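A quick write-up on the structure given underneath.
The values are calculated or read from the model by the stated rules, or taken from the named source; none is laboratory data. Keep in mind the model is a prediction, meaning the values are calculated, not measured. Cβ placement follows ideal geometry from the backbone for every residue including glycine, while neighbour counts extend to all protein chains displayed.
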């Protein structure tokens, strides 16, 4: 199942992608929640009902070419991100393989959807790109075991961890969080692909193209900390909640590691593609 949040005349709505159309689930069946987070929170029966609504001949449909996509989860309780979680990226960065997950966060004001512009802040001259697999939590929990944690995953989407390297790495004592959470620095989408359609999230091709040129090209098998271990680790610290978004790290090829460095500029177009999940595309504009 492919779920999205679309903009309608009635406001943001949970939708299901069917072919080249998005089905407004609440408009089709008013017993269904109008947001993906509430839909996931309602449990497996709600997803079955959503699939039934999506297949209904009377479904309320919107042509995909004319539909504005919002972030699939526009209102997550938390956005948690991992740094240095690809072996090949750690080597590229000259950093040792971390013994524990390297964590930071973003705020919801950083979220944008497919085709929405990444806005370059006037106070940064070193805005970088990072392709990422994003995990959507579908069941809350605390003190999880790694082997059981995967049952708490609702699905996956494509993410882009935009990073102001001068703020992240050149401020006093380094400032990972602040360099990562400028407005528009967390594109996600276009859809959530439910976990049943991604049997092995640790075997997915992940690529980033800048103006059509491939800059990152790796595979999620390079993840240092697999998803179950990450969720178990996080759940020792805080309660996982339905709709939490977990950015799982980026592969090599980032602009800051290139010689000379390559940073985003107004007029660029960035595409992140992950096998089975689709392509997230965002233009870049000056702030």
Can you tell which of 34, 41, 24 is at pLDDT 95 or above and out of contact with any strand residue (DSSP E or B) (no Cβ under 9 Å at 6 or more places or on another chain)? 41
Only one of these is part of a helix (DSSP H, G or I) and either surrounded by 21 or more Cβ atoms within 10 Å (Cβ to Cβ) or outside the structural domain of residue 16 (by TED's automatic domain parsing) (or both): 217, 196, 183. Name it. 196
Where residue 69 falls short, out of the listed (1) surrounded by fewer than 20 Cβ atoms within 10 Å (Cβ to Cβ); (2) in contact with a strand residue (DSSP E or B) (Cβ under 6 Å, 6 or more places away or on another chain); (3) closer than 18 Å to residue 192 by Cα: (1)
In the stretch 1-44, what residues are under 20 Å from residue 198 (Cα atoms) and without any contact (Cβ under 8 Å) to a residue 60 or more places away in the chain? 15, 16, 18, 19, 39, 43, 44
Hey, among 90, 110, which residue is touching a strand residue (DSSP E or B) at 6+ places or on another chain (Cβ under 6 Å) and either crowded, with 16+ Cβ neighbours inside 10 Å or in contact (Cβ under 8 Å) with a residue 12 or more places away in the chain (or both)? 110
Selected residue (criterion: surrounded by the fewest Cβ atoms within 10 Å (Cβ to Cβ)) from residues of the stretch 93-107 that are assigned to a strand (DSSP E or B) and touching a helix residue (DSSP H, G or I) at 6+ places or on another chain (Cβ under 7 Å): 105
Condition first: in a helix (DSSP H, G or I) and out of contact with any helix residue (DSSP H, G or I) (no Cβ under 8 Å at 6 or more places or on another chain). Now tell me which residues in the stretch 2-39 satisfy that. 26, 27, 36, 37, 38
